[in-house]
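Scroll down for the structure; my scribbles are underneath it.
The values are calculated or read from the model by the stated rules, or taken from the named source; none is laboratory data. Source: prediction; values computed, not measured. Every residue, glycine as well, gets a Cβ built from its backbone with ideal geometry; the counts of neighbours run over all protein chains shown. Side chains included, ligands, DNA and RNA excluded: accessible areas come from the protein's heavy atoms. Shrake-Rupley method; radii C 1.70, N 1.55, O 1.52, S 1.80 Å.
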Amino acid sequence: MPTLFDPIRVGRVTCPNRMFMAPLTRGRATRDHVPTDLMAQYYAQRASAGLIISEATGITVEGSGWPYAAGLWTSTQVAHWKKVTDAVHEAGGRIYAQLWHMGRLVHPSLHGAQPVSASATTGPGQAHTYEGRQPYVQARPLSLEEIPRLIGDYVTAARNAIAAGFDGVQLHGANGYLIDQFLRDGSNKRNDAYGGPIEHRIRLLREVVAALVDAVGADRTAVRLSPNGDSQGVDDSDQAALFPQAAAALDAFGLAFLELREPGPNGTFGKSERPPVAPLIRKAFKGVLVLNSDYDLASGTAELAAGGADAIAFGRKFLANPDLPRRFAQGLPLNADDPKTWYSQGPEGYITYPVAG
Ligand SMILES: Cc1cc2nc3c(=O)[nH]c(=O)nc-3n(C[C@H](O)[C@H](O)[C@H](O)COP(=O)(O)O)c2cc1C
């Protein structure tokens with residue numbers, strides 16, 4: 001069985017190790033969602049990850065609802081992302097772009113329009129906005145006529161990602177955002193071809209992935225899901241039926257990899273009393289499977305040794321330790337991450353975490 005230090009091939013890319021950097025929103029782009037030079041420095045510092053998965057990156061104005069998050073819909077955004085991917089590649093790394101449509105979690109104060117979703121539902125709690133936290137507003141259901149346009153938006157962003165030098169794209173299907181809002185029956189109340197039985201609710205995921213595969217190749221397309229339990233108010237009445245079926249549908253495409261975020265009951269970034277669906281998904285999905293949430297060197301090593309996953313994605317540990325693989329290899333102590341600077345602007349708590357001496 002492999003260890004975290006063994007190489008692995010994902011699609012077109014050979015990763016020198018199995019310690020992937022999980023996608024992390026950091027809010028260091030401009031108000032126009034343009035990546036900054038600071039971001040190039042931050043990602044280049046973390047180039048020793050087997051693979052970097054970028055922060056969630058908006059595919060359109062409609063899908064973007066996070067202050068100072070980057071986008072992939074304008075030529076300026078693409079040109080500035082190119083500086084980021086060049087910096088990562090020059091430092092010897094590899095980087096995928098996570099493609100993001102937030103659906104009902106886009107607050108209208110960001111771009112002036114009512115958010116869209118599977119159905120007319122409202123996210124719980126409050127959105128991050130430029131004016132501080134504000135309650136979510138009710139979404140309007142996407143009409144059947146709008147769905148081809150939405151799929152086209154994902155394709156344009158994926159093509160832009162490749163033009164910007166990314167090694168591939170990861171469809172953000174996790175954490176209660178648009179794709180997840182369609183997948184789960186707590187937020188999908190439709191009674192058309194995109195709602196109701198599981199095969200209908202996985203249709204949008206399947207169609208977007210098919211279009212991405214067509215546009216950039218299965219060997220440059222990945223997906224992230226978060227099957228076990230509630231994410232930002234999005235939940236399903238039968239996760240053990242829904243997600244293996246979704247994974248089986250994804251298996252048919254021969255994707256670069258599938259990543260799962262599944263916190264346990266003592267999770268420190270989300271918790272769930274529900275069991276992970278990963279063991280069932282492992283049977284349904286034959287490609288590279290990457291697991292995430294609260295892993296450390298020991299539990300990540302044990303997961304690979306048990307055959308539960310092919311690689312592990314580390315979020316906060318990479319956030320705070322640019323040289324995480326070396327620290328793990330040499331048994332060096334880890335820096336702790338500082339939540340106060342997770343989403344703040346500027347260099348502090350972003351590019352200032354030290355490498356081990
Ligand atoms: C500051 C921060 C930002 C995050 N942003 C994203 C994101 O953009 N996309 C995503 O899929 N998950 C995001 N997550 C979730 C992480 O990818 C990961 O699932 C979580 O940190 C748990 O993994 P860990 O225990 O290794 O940190 C974020 C988490 C944190 C702490």
Single residue of Arg140, Arg149, Arg104, Arg94 found to be under 28 Å from His200 (Cβ atoms) and in contact (Cβ under 8 Å) with a residue 40 or more places away in the chain | Arg104
Selection from the stretch 214-228 of residues touching a Ser or Thr at 6+ places or on another chain (Cβ under 9 Å) and over 13 Å from Ala278 (Cβ atoms) yields Ala215
Considering the stretch 156-205 alone, what residues qualify as being under 26 Å from Pro263 (Cβ atoms) and either without any contact (Cβ under 8 Å) to a residue 12 or more places away in the chain or of a type in the set (Val, Ile, Thr) (or both)?
-> Val169, Ile179, Ile198, Ile202
Read through the list (1) open to solvent by 20 Å² or more (accessible area, probe 1.4 Å); (2) away from the ligand (no atom under 16 Å from the Cβ); (3) not in a helix (DSSP H, G or I), then give the number of the only condition that Gly93 fails.
-> (1)
Given (1) open to solvent by 30 Å² or more (accessible area, probe 1.4 Å); (2) in contact (Cβ under 8 Å) with a residue 12 or more places away in the chain, where does Leu4 come up short, assuming only one miss?
-> (1)
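Here is a check on your reading of the model: is Arg133 surrounded by fewer than 22 Cβ atoms within 10 Å (Cβ to Cβ), over 20 Å from the mean Cα position of the chain (by Cα) and part of a strand (DSSP E or B)? Please lay out each step first, then the result.
Details: surrounded by fewer than 22 Cβ atoms within 10 Å (Cβ to Cβ): yes; over 20 Å from the mean Cα position of the chain (by Cα): yes; part of a strand (DSSP E or B): yes.
The answer is yes for Arg133.
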Going through the stretch 107-128 one residue at a time, which ones are open to solvent by 10 Å² or more (accessible area, probe 1.4 Å) and within 18 Å of Tyr68 (Cβ to Cβ)?
-> His107, Pro108, Ser109, Leu110, His111, Gly112, Gln126, His128
Somewhere in the stretch 10-19, is a residue touching a Leu at 6+ places or on another chain (Cβ under 7 Å), more than 20 Å from Asn321 (Cα to Cα), open to solvent by 30 Å² or more (accessible area, probe 1.4 Å) and among the hydrophobic types (A, V, I, L, M, F, W, C)?
-> no
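Please determine whether any residue of the stretch 176-198 is part of a strand (DSSP E or B), within 14 Å of the ligand (Cβ to nearest atom) and at pLDDT 95 or above.
Restricting attention to the stretch 176-198, the residues satisfying the condition of being part of a strand (DSSP E or B) are none.
The answer is no, given that none of the residues of the stretch 176-198 is part of a strand (DSSP E or B), within 14 Å of the ligand (Cβ to nearest atom) and at pLDDT 95 or above.
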Go through the stretch 251-269 residue by residue and tally those that are within 16 Å of the ligand (Cβ to nearest atom) and either open to solvent by 40 Å² or more (accessible area, probe 1.4 Å) or over 16 Å from the mean Cα position of the chain (by Cα) (or both).
-> 6
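Only residues that are among the acidic types (Asp, Glu) and within 13 Å of the ligand (Cβ to nearest atom): list them for the stretch 1-45, please.
Restricting attention to the stretch 1-45, the residues satisfying the condition of being among the acidic types (Asp, Glu) are 6, 32, 37.
Once the filter is applied, which keeps residues that are among the acidic types (Asp, Glu) and within 13 Å of the ligand (Cβ to nearest atom), the stretch 1-45 yields nothing.
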Taking Gly233 as meeting all but one of (1) more than 26 Å from Gln138 (Cα to Cα); (2) small (Gly, Ala, Ser); (3) away from the ligand (no atom under 13 Å from the Cβ), write down the number of the exception.
-> (1)
Checked the stretch 136-155 for anything open to solvent by 50 Å² or more (accessible area, probe 1.4 Å) and closer than 27 Å to Leu212 by Cβ; matches are Arg140, Pro141, Leu144, Glu145, Pro148, Arg149
With respect to Gly173, is the statement that it is in contact with a helix residue (DSSP H, G or I) (Cβ under 8 Å, 6 or more places away or on another chain) and either surrounded by 24 or more Cβ atoms within 10 Å (Cβ to Cβ) or of a type in the set (Phe, Trp, Tyr) (or both) true?
-> yes
For the stretch 8-28 the number of residues that are without any contact (Cβ under 8 Å) to a residue 24 or more places away in the chain and assigned to a loop (DSSP other than H, G, I, E, B) is 0
Residue selected from the stretch 47-63 under the condition away from the ligand (no atom under 12 Å from the Cβ) and of a type outside the set (A, V, I, L, M, F, W, C), by the criterion farthest from Gln98 (Cα to Cα) = Ser48
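I need the helices (runs of 4 or more DSSP H) fully contained in the stretch 270-348, keeping only those with at least 1 residues that are more than 30 Å from Tyr68 (Cβ to Cβ), open to solvent by less than 50 Å² (accessible area, probe 1.4 Å) and near the ligand (Cβ under 10 Å from one of its atoms).
Numbers: elements: 278-284, 297-305, 316-320, 324-330.
In the stretch 270-348, 297-305 are the helices (runs of 4 or more DSSP H) which contain 1 or more residues that are more than 30 Å from Tyr68 (Cβ to Cβ), open to solvent by less than 50 Å² (accessible area, probe 1.4 Å) and near the ligand (Cβ under 10 Å from one of its atoms).
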List the pairs whose first member sits in the stretch 329-355 and is over 13 Å from Tyr42 (Cα atoms), whose second member is more than 15 Å from the ligand (Cβ to nearest atom) and not small (Gly, Ala, Ser), and whose Cβ atoms are under 7 Å apart, counting only residues at least 6 apart or on separate chains?
-> Ala329/Phe5; Asn335/Pro354
